Amino acid sequence: MKISGVDIRPGNIIEYEGGIWRAVKIQHTQPGKGGAYMQVEMKNLIDGRKTNVRFRSAETVERVRLDTKDFQFLFKDGDMLTFMDKDNYEQISLPADLLGEAGDFLQDGMDVVMELYNEKPISVQLPDQVEATIVEADAVVKGQTASSSYKPAVLDNGVKVLVPPHITSGTKIVVDVYERTYVRRAD
């Protein structure tokens, strides 16, 4: 499906110069002289390269629709992650760097959504929020009564997050996977 260059939005997947790219950031610019254009920061979904491209309104790009499939994370073996197709129970191994920093939050048995292009997996989406346990939290400093005072804490997966002063070691919390921030206390 062709779309105008100025209609690109963050998260759109487009075909550009023979590659598959995800729009990361966009900025609509209207200079005093000349036509308006869309400045798009894109990341290549196959090899991870990043680029900035200017698209004018007259230019069109091919918007790509990816197939999505439900998978379950089984285990990590060195640099490879093994997932199981929830429909036919086939297993697939992918390099850990395909997930980026979100891979720190993978848990055994976690349900994920895999995006496929021509039957080839190009990205893995984790749930937006996961539960984790605090293993180490700094003590509260007396006199710190400002409502926005957060303290550093370490989760059971080794990720550091900032938490409110009342959170202690051993507490289960909900964390935003992609922002790496405290959301709330787990029930």
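Computed across the chain, the Kirkwood radius stands at 19.3 Å (inverse of mean 1/r, all Cα pairs). A simple spin-label model places the labels of MET1 and LYS33 3.9 nm from each other, with each point 7 Å out along Cα-to-Cβ. Taking the range 16-83 as the region of interest, the number of lysine pairs whose Cα atoms are within less than 28 Å, with members eight or more places apart or on different chains, is 8. Note on GLU136 and ALA58: the model spin-label points, each 7 Å out from Cα along the C-beta direction, lie 6.0 nm apart.
Looking at the range 82-187, the accessible area is 59 square angstrom per residue; that uses a 1.4 Å probe and ignores ligands, DNA and RNA. Loop-located trypsin sites (Lys or Arg not before Pro) in the range 59-131 (DSSP state other than H, G, I, E, B) with a sparse environment of at most 13 neighbouring Cβ atoms within 10 Å: ARG65, LYS86. The fraction of all Cα pairs in the range 91-187 landing in successive 10 Å bins from 0 to the largest distance is 14, 41, 25, 13, 5, 1, given as whole percents. Here each label is just a point 7 Å from Cα along the line to Cβ, and for VAL174 and ARG49 those points are 4.1 nm apart. Taking the average, over residues, of other Cβ atoms within 10 Å as the packing measure, peptides 19-28, 113-122 rank 19-28, 113-122 from highest down.
Counting Lys +1, Arg +1, Asp -1, Glu -1, what net charge surrounds ASN157 among other residues with beta carbon under 15 Å of its beta carbon?
-3
Rolled with a 1.4 Å probe across the full set of protein chains, the surface gives MET1 an accessible area near 120 Å².
How large, in percent, is the carbon and sulfur part of the accessible surface of the chain at a probe radius of 1.4 Å? The computed percentage sits at 46.
The values are calculated or read from the model by the stated rules, or taken from the named source; none is laboratory data. Computed from a predicted structure; not experimentally measured. Glycine gets a Cβ as well: all are built from the backbone with ideal geometry, and neighbour counts include every protein chain shown. Accessible surface is based on the protein model in full, side chains and every heavy atom, while ligands, DNA and RNA are left aside. Shrake-Rupley method; radii C 1.70, N 1.55, O 1.52, S 1.80 Å.
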